[in-house]
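A.B. asks: Pasting a structure here, questions to come.
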Amino acid sequence: MAMTQKQRFLAAVRREQPDVVPVAPLIHCRFAHKVLGRTDWKAVFEVHRMIGSCHHRGPLGVGWRAQMPDGWHMQSELEERSGPRCVTRNTLRTPRGELAERVVSGFAPGDPIISQPVERMIKRPEDWKLYRAFHEKRLEGFAGYDHAQADEAWQMMSEDGVASVGLACSLAFIGSARGMQDMLYDLVDHPDLMESVRRALFADIERSVESFLDSRAEVAWYDICWATGANMGPAMFRKWCLPEVQRVTELAHSRAGKYMGLYTLGKVRELLPALVDTGVDFIETFEPNQGDIALAEARRLYGRRTCLMGNFNCVVLARGTVPEARAEARRCLREGMGGGGYVMVTADEVPADTRLENLRAMVETVQEHGRY
């Protein structure tokens, strides 16, 4: 009897051999908007069903509620509109002062929901103290877990997909608030201050991991791409990111039937031994263009210890032909599928200008050639 989409995916995550390689391209809001004009998780799931792939890593998350004291809040307001172009101001307000960022969107006609910060929230190292204080106040006001969306997705997807939820590491918040280059400067120049910020943020993240454990979702992925993509080197990575990976994996494995994976970008060759040693259940995305290790080599070195996901070249989906998409899928199968423990995933988010027929070709090729 054929396995379901969920059964195949979870079997691979457990490093078992499903009947067919699971196919889970990283469809997110941008491509869903192109196809259906919507950006919610239900739209992403609908696109997966259109092409026959397994939902994984859509816009689903878990979190927790907080009661903030008077004067402490985040505020978002439209500051400027010119046709489709919008500038949004996000302000962190406290009785001690405020921090603000400005984000522009609607500037790319072919990708209308993409956005770009034009002013970062953290302008100077001293701003981190206010940013840290806001998160400490939020932690003091803990008022319960919030995973209703993940539970609804779990129920709706049933066996047709995996309602996996995303969690971002502390460096994702730090980098977003400061910018990657200035983040690296601050980590080197102000290590004590930045460690205090990281601790406050990770206490927030631990609450979200607990929310995942309290939810019905089986799979979570921990986004460490701000750390791996920054090419900070093994020593800095071990100091600023690896302990978080160890902790979230430990928390996930404290509950039967829960799995934790990693979303990475960039050069990960030197980091993989330490990441695999944490016992994390899967690692993605093994970029063919920006990465530094081939899927076949990662498979040979680590395929018995963790599930590997990714490596399908996203550029082929957007710029290639159907025969080229089929060829790319066959390449990934040759390098990754041997013995199980592999999910065919794109090497990053599916681009907004992806051709639907190329995604279908990816899935059809696996159905034909990816059977064990």
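A.B. asks: Among the GluC sites (Glu not before Pro) within the range 1-102, which fall in a DSSP loop and have no more than 14 other Cβ atoms within 10 Å of their own Cβ?
C.D. replies: Hits after loop and neighbour filter: 16.
A.B. asks: Compute the acute angle (0 to 90°) between the alpha-carbon long axis of helix 191-214 and the principal axis of greatest extent of the alpha-carbon atoms of the chain; round to the nearest 10°.
C.D. replies: Helix 191-214 sits roughly 50 degrees off the main axis of the chain.
A.B. asks: Under a Cβ-only charge scheme (Lys and Arg +1, Asp and Glu -1), can you give me the dipole magnitude of the chain about the Cα centre, in debye to the nearest 20?
C.D. replies: Roughly 440 debye, rounded to the nearest 20.
A.B. asks: Work out how far the C-alpha atoms of the range 1-116 reach from end to end along every principal axis, then list the three figures in whole Å, largest first.
C.D. replies: Taking the Cα atoms of the range 1-116, the three principal extents are 61, 37, 19 Å.
A.B. asks: Want the number for residue 231 to residue 274: 0.36 nm per residue separation, take away the alpha-carbon distance, what's left?
C.D. replies: Stretched fully, the residue 231-residue 274 segment lengthens by 13.9 nm.
A.B. asks: Please report the antiparallel percentage of DSSP beta bridges with both residues in the chain, rounded to the nearest 5.
C.D. replies: Close to 55 percent.
A.B. asks: Kindly give Rg over Rh for the range 304-369, based on alpha-carbon atoms, with the Kirkwood expression for the hydrodynamic radius.
C.D. replies: Dividing the radius of gyration by the Kirkwood radius yields 0.97.
A.B. asks: In degrees from 0 to 90, rounded to the nearest 10, what is the angle of the helix 127-140 Cα long axis to the longest principal axis of the chain?
C.D. replies: Approximately 80 degrees, to the nearest ten.
A.B. asks: Taking 7 Å along the Cα-to-C-beta vector as the label spot, tell me the residue 203-residue 98 distance in nanometres, rounded to one decimal.
C.D. replies: 2.6 nm
A.B. asks: Let me ask something additional. In nm, give the distance between the simple-model label positions of residue 290 and residue 67, each being 7 Å from the Cα along the Cα-to-Cβ direction.
C.D. replies: Distance between label points: 4.3 nm.
A.B. asks: Given a cut-off of 17 Å, what percent of all Cα-Cα pairs of the range 332-372 lie beyond it?
C.D. replies: So the pairs more than 17 Å apart make up 35 percent of the total in the range 332-372.
A.B. asks: With contacts defined as alpha carbon pairs under 8 Å and 6 or more residues apart, what's the relative contact order of the chain in percent?
C.D. replies: Reported relative contact order: 21 percent.
A.B. asks: Go through the range 148-244 and name the trypsin sites (Lys or Arg not before Pro) that are in a DSSP coil and have 14 or fewer other Cβ atoms within 10 Å of their Cβ.
C.D. replies: Answer by residue number: 216.
A.B. asks: Oh, and also: If the reach is capped at under 13 angstrom between alpha carbons, list the aspartates and glutamates near residue 6, excluding any in the same chain fewer than eight residues apart.
C.D. replies: Within the straight-line limit of under 13 Å, residue 6 reaches these aspartates and glutamates: 19, 159, 160, 218.
A.B. asks: Assuming R0 = 30 Å, what is the FRET efficiency of residue 36 and residue 190, from their Cβ-Cβ distance, to the nearest 0.05?
C.D. replies: Approximately 0.10, to the nearest 0.05.
A.B. asks: Quick one: length gained pulling residue 353 to residue 160 fully straight, 0.36 nm per residue minus the C-alpha distance?
C.D. replies: So the chain would gain 67.0 nm between residue 353 and residue 160.
A.B. asks: In the range 331-372, whose amide N lies under 12 Å from the spot 7 Å out along Cα-to-Cβ of residue 322? List them in ranges.
C.D. replies: Within reach of a label on residue 322: 356-362, 364-365.
A.B. asks: With θ taken as phi - 60° and the coefficients 6.51, -1.76 and 1.60, list the Karplus ³J(HN,Hα) couplings across the range 330-342 in order, rounded to whole Hz; mark glycine and proline as x.
C.D. replies: 5, 4, 4, 4, 4, 7, x, 7, x, x, x, x, 9
A.B. asks: Additional query: Tell me, what is the FRET efficiency for residue 140 and residue 3 to the nearest 0.05, using R0 = 51 angstrom and their Cβ-Cβ distance as r?
C.D. replies: In this case the efficiency is close to 0.65.
A.B. asks: Between residue 304 and residue 74, how many nm apart are label points set 7 Å from Cα along the C-beta direction?
C.D. replies: 4.5 nm
A.B. asks: Once all Cα-Cα distances of the range 104-204 are split into 10 Å bins that start at 0, what whole-number percent is in each one?
C.D. replies: For the range 104-204, the binned pair fractions read 13, 31, 28, 23, 5 percent.
A.B. asks: Kindly provide the helix-only [θ] at 222 nm of the chain, computed as the sum of -39,500 (n - 2.57) over DSSP H runs of four or more divided by all residues, to the nearest 500 deg cm²/dmol?
C.D. replies: -13500 deg cm²/dmol
A.B. asks: Run the numbers for residue 123 and residue 49: contour at 0.36 nm per residue of separation, minus the present Cα-Cα distance, in nm.
C.D. replies: Full extension from residue 123 to residue 49 adds 22.3 nm.
A.B. asks: For the range 1-40, evaluate the Debye formula with one uniform point scatterer on each Cα (no solvent term) and list log10 I(q)/I(0) at q = 0.15, 0.31 Å⁻¹, rounded to two decimals.
C.D. replies: -0.50, -0.93
A.B. asks: For q = 0.10, 0.11, 0.13, 0.15 Å⁻¹, what log10 I(q)/I(0) does the chain give under the Debye formula with an equal point scatterer on each alpha carbon and no solvent?
C.D. replies: Reported log10 I(q)/I(0), two decimals: -0.64, -0.78, -1.11, -1.46.
A.B. asks: Normalise the Cα radius of gyration of the range 68-122 by 2.2 N^0.38 Å (N = residues in it) and let me know the number.
C.D. replies: Expressed relative to 2.2 N^0.38 Å, the Cα Rg reads 1.31.
FYI, it's all coordinate maths here, none of it is from the lab. The structure presented is a predicted model; accordingly, all values stated were derived computationally and were not measured. Quick reminder, even Gly has a Cβ in these numbers, built from the backbone with ideal geometry, and neighbours come from all protein chains shown.
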